[in-house]
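For reference, the structure is listed below as structure tokens.
The values are calculated or read from the model by the stated rules, or taken from the named source; none is laboratory data. In this text the structure is predicted, and so the values were computed from the model without any measurement. Here Cβ is always computed from backbone atoms with ideal geometry, including for glycine, and neighbour counts include all displayed protein chains. To get the accessible areas, we keep the full protein, side chains included, count just its heavy atoms, and leave off ligands, DNA and RNA. Shrake-Rupley method; radii C 1.70, N 1.55, O 1.52, S 1.80 Å.
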Amino acid sequence: MIRVLVVDDDFMVAKVHSGYVARTAGFEVAGVVHTGQDALRAVSELRPDLVLLDIYLPDMDGVSVLRALRSGGGDTDVIVISAATDVDTVRAAMRGGVLHYLIKPFTYAALYDQLRHFAVLQARLSALSSAGQSDVDQVFGARPGSSLPKGLTAETLRIVAAELRSTSPDLSAAECAARTSLSRVSARRYLEHFVATGQADVRLRYGGTGRPERRYYWLDGT
């Protein structure tokens, strides 16, 4: 399991983000803290693999926390999650070696992509004893979209998502296939991907004989 420390001054936001982490396969919440000093203490004591770091903290800003982590020689990776949009802060985070910078508010899908991206990077690096240039290119060239299941593409994912969002109250795989010019099997794979990543859900429609029909619908707020 990849252990994640959530750092946010807002207790409710921290709870939401912790829930996002907990519902992602392969990840668990190592701890939740609300100040910069508590973040530094928790990293030292808990040794998380990843920190989700807010910028606006009551005692010290997130960039200062990041610098303290780096100067202390720690190897914990960091993703910034913040409402701070000024370029200087973004640049400082980049120079501090963060993996990504997510601007609040964001959906579970956005964080899910980054968590899966992190898991892919970890797996690739763990499989290497030494790295050639092609290996390094793969690691630094990886993007969240590369963590899509085999056979799914980002462009088709957007098309299916748009169709699902615009349909009320729900949509079957056959209906999705007809509207997107996909095969029924392909449409169902994309729809099931949205269910697996928490962006959609399924209700069953019973009628006649045979299996119930799976009806998909987009979840509000994702």
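Any idea how far apart residue 130 and residue 202 come out in nm if each label point goes 7 Å out from Cα toward Cβ?
4.8
To the nearest 10 degrees, how steeply does helix 184-196 sit against the main Cα axis of the chain, on a 0 to 90 scale?
40
Rounded to the nearest 20 debye, what is the charge dipole size of segment 22-143 about its Cα centre when +1 sits on each Lys and Arg Cβ and -1 on each Asp and Glu Cβ?
Details: 11 positive and 14 negative charges, 34 e Å.
Magnitude of the dipole: close to 160 debye.
Putting +1 on Lys and Arg Cβ atoms and -1 on Asp and Glu Cβ atoms, find which of 25, 125, 85 reaches farthest to the positive end of the dipole of the chain.
The one lying farthest along the dipole's positive direction is 25.
Rounded to the nearest 500 deg cm²/dmol, what is the calculated helix-only ellipticity per residue at 222 nm for the chain, with -39500 (n - 2.57) per DSSP H run of length n ≥ 4? Could you put the intermediate results ahead of the total?
Values: 9 runs with 104 residues, N = 222.
After summing the helix terms and dividing by the residues of the chain, the value is -14500 deg cm²/dmol.
Calculate how steeply helix 11-22 sits against the longest principal axis of the alpha-carbon atoms of the chain, using the helix alpha-carbon long axis, and give the answer as 0 to 90 degrees to the nearest 10.
Taking the Cα atoms of the chain, the angle to 11-22 is about 60 degrees.
Enumerate the whole-percent occupancy of each 5 Å bin, from 0 to the last occupied one, for all C-alpha pair distances of the chain.
1, 6, 13, 16, 16, 14, 11, 9, 7, 4, 2, 1, 0, 0
Quickly rank 44-52, 93-101, 152-160 as a protection proxy: mean count of other C-beta atoms within 10 Å, highest first. Mind dumping the intermediate values first?
Details: 44-52: 18.6, 93-101: 16.4, 152-160: 14.2.
The densest-packed peptide leads the list: 44-52, 93-101, 152-160.
Can you figure out the FRET efficiency of residue 83 with residue 192, using R₀ = 30 Å and their beta-carbon distance, to the nearest 0.05? All intermediate terms of the calculation are to be shown ahead of the outcome.
Details: r = 33 Å, r/R0 = 1.11.
That pair, residue 83 with residue 192, gives E of 0.35.
Relative to the longest principal Cα axis of the chain, at what angle does helix 36-46 sit, 0 to 90 degrees, rounded to 10?
The angle comes out at about 80 degrees.
Determine, from the Cβ-Cβ distance of residue 104 and residue 157 and an R0 of 25 Å, the FRET efficiency 1/(1 + (r/R0)^6), rounded to the nearest 0.05. Please report the intermediate quantities before stating the final value.
Numbers: r = 23 Å, r/R0 = 0.94.
The calculated FRET efficiency here is 0.60.
Accessible area of segment 47-102 with a 1.4 Å probe: how many percent of it is carbon plus sulfur?
Details: 1320 of 2670 Å².
Ligands and nucleic acids excluded, carbon and sulfur reach 50 percent.
So with the 1.4 Å probe, I'd like the accessible area per residue for the chain, rounded to whole Å². Spell out each step's value before the answer.
Values: 11980 Å² over 222 residues.
In whole numbers, the chain has 54 Å² accessible per residue.
Enumerate the residues in segment 103-127 having an amide nitrogen under 14 Å from the point lying 7 Å beyond the Cα of residue 56 toward its Cβ.
103-106
Using DSSP to define loop residues, name the trypsin sites (Lys or Arg not before Pro) in segment 2-42 whose beta-carbon has at most 15 other beta-carbon atoms within 10 Å.
In loop regions of segment 2-42 (DSSP not H, G, I, E or B), the sparsely surrounded trypsin sites (Lys or Arg not before Pro) are 23.
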